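Take a look at the structure set out below.
The values are calculated or read from the model by the stated rules, or taken from the named source; none is laboratory data. Owing to the predicted nature of the structure, the values given are computational and were not obtained by experimental measurement. In this analysis, Cβ positions are derived from the backbone assuming ideal geometry, glycine residues included, and neighbour counts consider all displayed protein chains. Keep in mind that these areas ignore ligands, DNA and RNA; they rest on the heavy atoms of the full protein, side chains included. Shrake-Rupley method; radii C 1.70, N 1.55, O 1.52, S 1.80 Å.
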Amino acid sequence: MNPSYSTPHQPRPTLRTPARTGGAAASSAAPHARLSQRSTTSLAALFAALLALALVVATAGPASAHDELVRTNPQADAKLQKAPTTLELTFSGNIQDIGSEVRVTDSHGTDMTRGTLAAQNTAVSQPLREGGDEDETYTVTWRVVSQDGHPIEGTFTYTVGDGAATAASPAPVASADASQGANGAQEDVSGTGIPSWVLPVAGGAIALVLLLVILAFATRPKQR
């Protein structure tokens, strides 16, 4: 018998997957980096917007708190034919029914007020003595407590006929109730102070600058 020969077993070649190159890994990580940068920018913008809103609210509150004198009857520097028997003051907000006081004096320093002062909502009314049509200059000095508890004050004059040659100095009206603020501390607030729109506008401008600065830092490309 002829001996049989078998074919030697050949090992199967092993297929190896080529390793990923650095360029492919970098291209895969790029979208994640861009997504992270967008998230950071969005968070920074949201934080800046909230900060701007907080600044506007914080500055608008105090600015609108203090009331102002908006109208008087008689008007400041008015020239009348006969002296009025009632003085009326109108304010931009409700006046508290405490500490309000008004003094009206002639050129000799005589107090022309009589009766009880009435304060209701935004109006203050003070009865006056009969002055007639004699030439005279009257000086009004007022002090009230605004709705936020802060006292405000002011003074003005009006004349009857040709007025007096000289006018008396304004009579002080500071009272114990009116000179105390909401927390019991004395505070002098003038009725002709800073307009109520100034502080909100300034706060908004500061908030806008902060927003631009934060966005500039958030969107600045990182150095490698």
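When the residues of region 140-170 are filtered to those that are over 12 Å from Val104 (Cα atoms), in a loop (DSSP other than H, G, I, E, B) and of a type outside the set (A, V, I, L, M), which remaining residue is modelled with the highest pLDDT?
This residue is Gly161.
Hey, among the residues in region 93-117 that are touching a Pro at 6+ places or on another chain (Cβ under 7 Å) and on the phi > 0 side of the Ramachandran plot, which one's surrounded by the fewest Cβ atoms within 10 Å (Cβ to Cβ)?
Gly115
Output the number of the condition that Asn121 fails; it satisfies all remaining conditions of (1) open to solvent by 80 Å² or more (accessible area, probe 1.4 Å); (2) under 14 Å from Leu89 (Cβ atoms); (3) of a type outside the set (D, E, K, R); (4) at pLDDT below 75.
(4)
May I ask you to list the residues in region 69-87 that are open to solvent by less than 40 Å² (accessible area, probe 1.4 Å) and within 37 Å of the chain's Cα centre (by Cα)?
Within region 69-87, Thr72, Pro74, Ala78, Leu87 meet the criteria.
One residue is enough: does region 127-148 have a residue meeting the conditions in contact (Cβ under 8 Å) with a residue 40 or more places away in the chain, more than 18 Å from Ala76 (Cα to Cα), out of contact with any Gly (no Cβ under 7 Å at 6 or more places or on another chain) and among the hydroxyl-bearing types (Ser, Thr, Tyr)?
Within region 127-148, none of the residues are in contact (Cβ under 8 Å) with a residue 40 or more places away in the chain, more than 18 Å from Ala76 (Cα to Cα), out of contact with any Gly (no Cβ under 7 Å at 6 or more places or on another chain) and among the hydroxyl-bearing types (Ser, Thr, Tyr).
Taking the stated definitions as given, is Thr90 assigned to a strand (DSSP E or B), free of Cβ contacts under 8 Å to residues at least 40 places away in the same chain and surrounded by fewer than 17 Cβ atoms within 10 Å (Cβ to Cβ)?
Judged against the criteria, Thr90 is a match.
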